[in-house]
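No lab work stands behind these numbers, since they all come straight from the coordinates. Here the structure is a predicted model, which means the values were calculated and not measured. Positions of Cβ are backbone-derived with ideal geometry, glycine not excepted, and every protein chain shown enters the neighbour counts.
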Amino acid sequence: MTTDIDRPVRTRTPRERVTSFAKHASLVLFSAIMIYPLVWLVISSFKPNADIFRDLSIFTTDLTVENYINGWNDLQHPFSVFLLNSTIISAASIIGNLLSCSLAAYAFARLRFRFRNLLFALMLMTIMLPFQVTLIPQFTIFKELGWLNTFLPLIVPKFLAVDAFFIFLMVQFIRALPREIFEAARIDGAGHLRTFIQVTLPLMIPALATTAIFTFIWTWSDFFGPLIYLRLPETFPVSVALKGFLDVQSSSDFGSMFAMSVVSLLPLFVVFLVGQRYLIKGFATTGLK
């Protein structure tokens, strides 16, 4: 019997080597092009204001941390207030999406009720619905409820399973679970609520982690929603607070804005780096591409 050790190693031809080198060189080049704006943003956050747009290169020796000191205190409130606001909104949105979307997904995946397929199709259709279509009705409702200048318009909808993408992701995950698990729970006398809490949720950790990560990234980066519903500076998240460094009537403080932009990006990088394995596992187990 011939084993893998006995098989001779195939030597690549010069043409294959050149092709492989060209592919890798192209990937490195495109990666450098894609990452250059981010590197330039970080380097520019340490440059004096006068030098930011004078020299667009990332190689410089005149670096200072003054932009970070000024940016933290130059607005009406310390930048920690805006970071806290973003954290509150993001954390509440994550909790809302995890609770409501998982319950809705379990209902669509395991319960039998009238018009289930129709409701599921209508739910999927909302993914293609532009948010501008519902913007004015939602604004009117929240205004009548007296929720403007509060976090409620940004948080409460998350507890009502409005993110159809996450519901679909969880439905696909639950349907991929072995049916025998649910049948065994039913034989043991478990109802739907107990089956959902004790059986389904522990197995849904990859899908739940994926939902939490994407909810955090999208909520933390959201600019339009807070801009519409929040008017008081003490309620601004970081996405809206950064706009305060720009002034159309006088000089804008780009150095401080770049510095606080780097600060506001750090949580996104940390969450993505920590949770990327859950993202991969979540998409792999749900069959989404």
Distance in nm between Phe131 and Ile88 label points, each 7 Å along Cα→Cβ, equals 2.0
Of Gly96, Thr13, Ala50, which is farthest along the charge dipole of the stretch 1-128 in the positive direction, counting Lys and Arg as +1 and Asp and Glu as -1 at C-beta?
Thr13
Mean Kyte-Doolittle of at least 0.5 and a Cα length of 20 Å or more along the axis: which whole DSSP H helices of the chain meet both?
14-44, 79-110, 205-221, 254-286
Reachable aspartates and glutamates, given that their alpha-carbon falls under 18 Å from the alpha-carbon of Lys47 and they are not under 8 places away in the same chain
Asp55, Asp62, Glu66, Asp74, Asp253
With P(r) over Cα pairs in 10 Å bins from 0, in percent defined as stated, name the option among (1) 5, 19, 24, 21, 16, 10, 4, 1, 0; (2) 6, 30, 36, 22, 6, 0; (3) 7, 33, 39, 19, 2, 0 computed from the structure displayed.
(1)
Compute a Gaussian network model of the chain, connecting alpha carbons closer than 10 Å, and tell me which residue from Arg15, Arg175, Arg116 fluctuates the most.
Arg15
In debye to the nearest 20, how big a dipole does the chain give about its Cα centre with +1 on each Lys and Arg Cβ and -1 on each Asp and Glu Cβ?
1460
Of the residues Leu266, Leu169, Leu29, which exhibits the maximal mean-square fluctuation in a Gaussian network model of the chain defined by a 10 Å Cα contact cut-off?
Leu29
Let me have the 222 nm mean residue ellipticity of the chain computed from DSSP H runs of 4+ only, each contributing -39500 (n - 2.57), with the sum over all residues rounded to the nearest 500.
-20500 deg cm²/dmol
